[in-house]
Amino acid sequence: MNSVHDLGGMDGFPLPERDQGFALHEEWERELWGAAFALRNVPLQLGRARLERMPPVLYLSLPYYAKWLYVREEALIEAGYVTAEELADPDGPVAMPRMPQGFAPMGPAAVVALLSADTSELLDSDVPARFKVGDRVRARNEHPLGHTRMPRYVRGHTGTITKLHGPTRFQDQLPQGVEVGPQHLYTVAFGARELWGSRGHANDVIHVELWEYHLDPA
């Protein structure tokens, strides 16, 4: 995805000062954080891909957790749990939504268990890894229209495999009908000079997690 939504960020669009430091600045952000877990049992299409469908002006201007709120509102409207009119008039009448059968908000103990659980998404697969630690690889110079976890600034550049994470769930948005199967995830080290030329410090290294789909032998 080549837009302001790029996962790796873009020159000229630093983290707004308002979002720097402690993550939860205001009470509404704390409430939204809690509500996000309370809705974990509701089948909603969320995730990074929905964030990348936000209008660019909103994406650049909204505080971090306001983006969370935006995508959850859009997902709730799309799923039929609330209407845009109800959200626009929070003090007005609200119809009782048709929630999933057996739905119950997550309690504090369940949230703590969720945050403490293994979220590596490691797959039970014996597919062999294509690369090993120390291999030199080149990030593919591809520019997909949909969601990708490969930052634009590494595309076409050469790095070194520093860690194997095993096969994990592949999170890129692929064209319809394209299947890649289990994908090993790697940590790849890129020298700052390799990525940004003379602007990069010779001693700086950037580590990026990339799947096999993103990489070719250098």
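Any idea which of L15, L62, L69, L46 is out of contact with any Asp or Glu (no Cβ under 8 Å at 6 or more places or on another chain), surrounded by fewer than 12 Cβ atoms within 10 Å (Cβ to Cβ), under 30 Å from P151 (Cβ atoms) and free of Cβ contacts under 8 Å to residues at least 40 places away in the same chain?
On the way: L62 fails: surrounded by fewer than 12 Cβ atoms within 10 Å (Cβ to Cβ); L69 fails: surrounded by fewer than 12 Cβ atoms within 10 Å (Cβ to Cβ); L46 fails: surrounded by fewer than 12 Cβ atoms within 10 Å (Cβ to Cβ).
None of the others qualify; the one that does is L15.
Quick one: which residue in P90, P43 is in a loop (DSSP other than H, G, I, E, B) and over 25 Å from V112 (Cβ atoms)?
So the residue among P90, P43 that is in a loop (DSSP other than H, G, I, E, B) and over 25 Å from V112 (Cβ atoms) is P90.
How many residues are surrounded by 11 or more Cβ atoms within 10 Å (Cβ to Cβ), part of a loop (DSSP other than H, G, I, E, B) and among the small types (G, A, S) when one looks only at the range 108-149?
Going through the range 108-149 one residue at a time, the tally reaches 4.
Identify, by number, the condition in (1) in contact with a helix residue (DSSP H, G or I) (Cβ under 9 Å, 6 or more places away or on another chain); (2) in a loop (DSSP other than H, G, I, E, B); (3) of a type outside the set (S, T, Y) that L76 doesn't meet.
(2)
Looking only at residues that are closer than 16 Å to M150 by Cα and aliphatic (A, V, I, L, M) in the range 184-202, which one is surrounded by the fewest Cβ atoms within 10 Å (Cβ to Cβ)?
Here the residue is A189.
One residue is enough: does the range 70-89 have a residue meeting the conditions under 22 Å from D11 (Cα atoms) and assigned by TED's automatic domain parsing to the domain that holds L32? So that I can check it myself, show each step before the final result.
Of the residues in the range 70-89, the ones under 22 Å from D11 (Cα atoms) are none.
Within the range 70-89, not a single residue is under 22 Å from D11 (Cα atoms) and assigned by TED's automatic domain parsing to the domain that holds L32.
The values are calculated or read from the model by the stated rules, or taken from the named source; none is laboratory data. From a predicted model like this one, the values you see are computed outputs, not experimental measurements. FYI the Cβ positions are ideal-geometry reconstructions off the backbone, even for glycines, and counts take in every protein chain you see.
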